[in-house]
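*Asks:* Below are the structure tokens for one structure; questions will follow.
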2 protein chains.
Amino acid sequence: MSKTASGNPVLVEVTRGPIVESRHAGAIAISDADGHLLLALGDVDRPVYPRSAVKALQAIPLIESGAVDAFTLGEHELAVACASHSGDPVHLEAVRSLLTKVGLDESYLACGAHWPVSEGATRTLVRAGRRPRAIHNNCSGKHAGMLAAAVQLGLDPRGYERPDHPLQVMIARIISETCGVALDRARMGVDGCSVPTWALPLSALARGFARLGSGEGLTPQWANAARRLVSACFASPVLVAGEGRFDTMVMAALAPAVFVKGGAEGVHCAALPELGLGIALKIDDGAKRATERALSEVLAALLPRARQVLADQLDGEVLNWRGFSVGHIAPSAGLQHAVAELEELPRVDGEKLAQ
Amino acid sequence: MSKTASGNPVLVEVTRGPIVESRHAGAIAISDADGHLLLALGDVDRPVYPRSAVKALQAIPLIESGAVDAFTLGEHELAVACASHSGDPVHLEAVRSLLTKVGLDESYLACGAHWPVSEGATRTLVRAGRRPRAIHNNCSGKHAGMLAAAVQLGLDPRGYERPDHPLQVMIARIISETCGVALDRARMGVDGCSVPTWALPLSALARGFARLGSGEGLTPQWANAARRLVSACFASPVLVAGEGRFDTMVMAALAPAVFVKGGAEGVHCAALPELGLGIALKIDDGAKRATERALSEVLAALLPRARQVLADQLDGEVLNWRGFSVGHIAPSAGLQHAVAELEELPRVDGEKLAQ
């Protein structure tokens, strides 16, 4: 397979008419909880920022601290703490409820403001002549969850987003130990929402997701926290992203077989608890259209019943402004080959991979 | 320099904190009107769809047919015929005026509808409880110009967007002869606005832009048409794109030294009439952030006085939702090297390249 500067192959091609118009290179790792790689396509050892893909790991202190029980948090509040939400009323309600139970208000959110991901929510604000606030930020649930953990732990809720705040130190340790890799301050960036994002290899990220999904390899406390958070996301997938969005659609149809979470700049991760596997992929250029397309191929190969819910993604048709078909977002020959190898793995009951 | 699957080097890197988060590969050609290449970075022979970058070439029949004089079209109407406009009132007014002079209405526009590029224009529609129409499509000026040419030529204005319509056959011949390359139906796609887009090499596209800017190598009729269209864009750069957008900003500050036009999927072209050069570039993955960043480097190298207006692009700072600096969009080492070689070319009067 042809390679890019980073050693990564083209994974997704965008055709228009008879030729390929655009190309997306990247890397994919599939791992079990022990770190055995079922697939390593491209450079899976180079550290990448996971961005929002690890929100469920960042929410573990919310459970481990006891905040979830002390503040009687429900599944909606846990799900939105793991979310990159659309800013629709259902999301704002869950974030507000979380903050209220903790005794804080929106002014504590350090994520900054952006227009809601949801077009409908944006239009509602525009019609009312209002501007977006921090609560509309897709990360506001994560931030509310971090505030809850900080308060429960007796930490200062101001400055909770800074890398040296004890809560962020705790989160870094959780990510490091769950993924089985040291984190290096020389590979730490600041996320769009102002919390640290620690670069780590896709191979480690995939292992972390295998553990997040199955609990294998985690302490009993973290395994319990992971189970509660993932269950909450499975119970309310719309809270984890929003109407019409990939993660919501996949979990609504496939839970508890697939936990899935995207991040910015082309990162996407998934856990397949039944198979004991985790998936982590990064498109080099950060394009979401390629990220979701590549992940759809991998999910369909590992879980044949995913094919139906992913039918539109797997078709990948590109329509123009009059609704005419003008091209396709398609897997490259290299990705097709890798996926064909996954499909040939021995299975039990037509679904599970044989151990 | 490292290469991608397509043989193209990484041109632009997006850093976050201490490491590179995302990478954009691509190719750049700089040519004179005779087809001599001053720069060929990456694969400049592979055909790419120029998309909206060639709107000025697609507008040549509007002049050549005599429509511009028969319908007493002004500079605003010519500029918007070459535009990927923002859908602000100034743009809609120019398109409506063009259609009215031709005796047609919006129902003739075959471009399909999308929300205006301009956030302000979108909000105005939302507040009024209205949906976008074809006139809001960024290509509506091009379509109105095509309709004007079709009517003046006595052609059926219905179906003007189809590849076999005589107007599109004429446009294909103009693109082919201006760029000095045969067009192949086996490399024709349908654009987002439903007109044909013909793939051609970046080297040919760069030559076509050198000719568009200087008139060299064109028939007197086409050279006159190019001059009138480019002059109209220089006179009203805001009509060619819109407030705050790259092409508008560059031409407002640098005309008549630079004519510039972007297209979808990472294509961007420029003409530098004073230097007798044309530039064509394509980012493999289609990302606009990389396209504008790479073109800024090239323009600043060829035209030192461009550095001031491009200062923000050349800095490339990435801010997060609270306005903190979290990274940079930066030229790769390979692009820096190529640009340094352009800067070392001998100059006359501190600006012009020596012949």
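*Asks:* May I ask for the accessible area buried between chains B and A, both sides summed, probe 1.4 Å, to the nearest 100 Å²?
*Replies:* For B against A, buried area totals roughly 4100 Å².
*Asks:* With a point put 7 Å past each Cα toward its Cβ, work out how far A:ARG127 is from A:GLU243 in nm, to one decimal.
*Replies:* Placing both labels 7 Å beyond Cα along the Cβ direction yields 1.2 nm.
*Asks:* While we're on this one: Can you work out the accessible area per residue across the protein assembly as shown, with the rest of the protein chains kept in place, probe 1.4 Å, in square angstrom?
*Replies:* Per-residue accessible area for the protein assembly as shown comes out at 35 Å².
*Asks:* Quick check: Cα centre of region B:124-151 to Cα centre of region A:6-20, how many Å?
*Replies:* For region B:124-151 versus region A:6-20, the Cα centre distance is 32 Å.
*Asks:* Tally up the carbon and sulfur contribution to the accessible surface of chain A as a whole percent, 1.4 Å probe, everything protein left in place.
*Replies:* Using a 1.4 Å probe with all protein chains present, chain A comes out at 51 percent carbon and sulfur.
*Asks:* As a test question: what accessible area, to the nearest 10 Å², does B:HIS268 have when a 1.4 Å probe is rolled over all protein chains in place?
*Replies:* Around 10 Å² of this residue is reachable by solvent.
*Asks:* Please arrange A:ASP247, A:ASP34 by accessible surface area, largest first, computed with a 1.4 Å probe and ligands excluded.
*Replies:* Sorted descending by solvent-accessible area, the residues read A:ASP34, A:ASP247.
*Asks:* How high is the FRET efficiency between B:ASN224 and B:SER107 when r is their beta carbon distance and R₀ equals 35 Å, given to the nearest 0.05?
*Replies:* So the FRET efficiency works out to roughly 0.60.
*Asks:* Further, regarding this structure: Angle, helix B:333-343 long axis vs. longest principal axis of chain B, Cα atoms, 0 to 90°, nearest 10?
*Replies:* Its long axis makes an angle of about 80 degrees.
*Asks:* Let me ask you something else. Per DSSP H run of at least 4 residues, take -39500 (n - 2.57); add these up for chain A, divide by its residues and hand me the 222 nm value, nearest 500 deg cm²/dmol.
*Replies:* Dividing the helical sum by the residues of chain A leaves -12000 deg cm²/dmol.
*Asks:* State which entries of A:LYS261/B:LYS288; A:LYS261/A:LYS288; A:LYS142/B:LYS288; B:LYS55/B:LYS282; B:LYS101/B:LYS261 exceed 21 angstrom in Cα-Cα distance in the structure shown.
*Replies:* Violating the 21 Å Cα-Cα cut-off are A:LYS261/B:LYS288; A:LYS142/B:LYS288; B:LYS101/B:LYS261.
*Asks:* In the protein assembly as shown, which Cys residues have no partner Cys with a Cβ closer than 4.7 Å?
*Replies:* Here A:CYS82, A:CYS179, A:CYS233, A:CYS269, B:CYS82, B:CYS179, B:CYS233, B:CYS269 come out as lacking a disulfide-compatible partner, given the Cβ-Cβ threshold of under 4.7 Å.
*Asks:* Quick one: label points 7 angstrom along Cα→Cβ at B:ALA113, distances to the other copies in nm, smallest first?
*Replies:* So the distances to the same position in the other copies read 3.0 nm.
*Asks:* Right, here's the next one. In percent, what relative contact order does region B:105-155 have, based on Cα pairs under 8 Å that are 6 or more apart in sequence?
*Replies:* With pairs under 8 Å counted, the relative contact order is 43 percent.
*Asks:* With the crude spin-label approximation of a point 7 Å out along Cα→Cβ, what separation in nm comes out for A:ALA253 versus A:ALA186?
*Replies:* 4.5 nm
*Asks:* With an 8 Å Cα cut-off and a minimum separation of 6 or more residues, compute the relative contact order for chain A in percent.
*Replies:* 23 percent
*Asks:* Taking a label point 7 Å from Cα toward Cβ, how far is B:GLU317 from its twins in the other copies, in nm, shortest first?
*Replies:* Copy-to-copy label distances for B:GLU317: 4.6 nm.
*Asks:* Next up: Please identify which residues in region B:120-156 have an amide N closer than 19 Å to a label point set 7 Å out from the Cα of B:ASP164, following the Cα→Cβ vector.
*Replies:* Residues passing the 19 Å test: B:155-156.
*Asks:* Ignore the peptide's own chain and count Cβ atoms of other chains within 10 Å of each Cβ in B:181-190; give me the average, rounded.
*Replies:* Mean inter-chain Cβ contacts per residue within 10 Å come to 3.
*Asks:* With labels modelled as points extended 7 Å from the Cα through the Cβ direction, what inter-label distance (nm, one decimal) is found for A:ALA311 paired with B:ASP69?
*Replies:* 5.9 nm
*Asks:* Give the nm distances, rounded to one decimal, from B:LEU153 to the matching residue in every other copy, measuring between label points 7 Å along Cα toward the beta carbon; shortest first.
*Replies:* In nanometres, ordered from closest: 7.0.
*Asks:* How much accessible surface does B:ASP43 have with a 1.4 Å probe, in Å² rounded to 10?
*Replies:* B:ASP43 exposes around 50 Å² with every protein chain in place.
The values are calculated or read from the model by the stated rules, or taken from the named source; none is laboratory data. Just so we're clear, the structure is a prediction, and the values are computed from it rather than from any experiment. Positions of Cβ are generated from backbone atoms using ideal geometry, with glycine treated the same way; all protein chains shown enter the neighbour counts. For the accessible areas, the whole protein counts, side chains as well, though only heavy atoms, and no ligand, DNA or RNA atoms are used. Shrake-Rupley method; radii C 1.70, N 1.55, O 1.52, S 1.80 Å.
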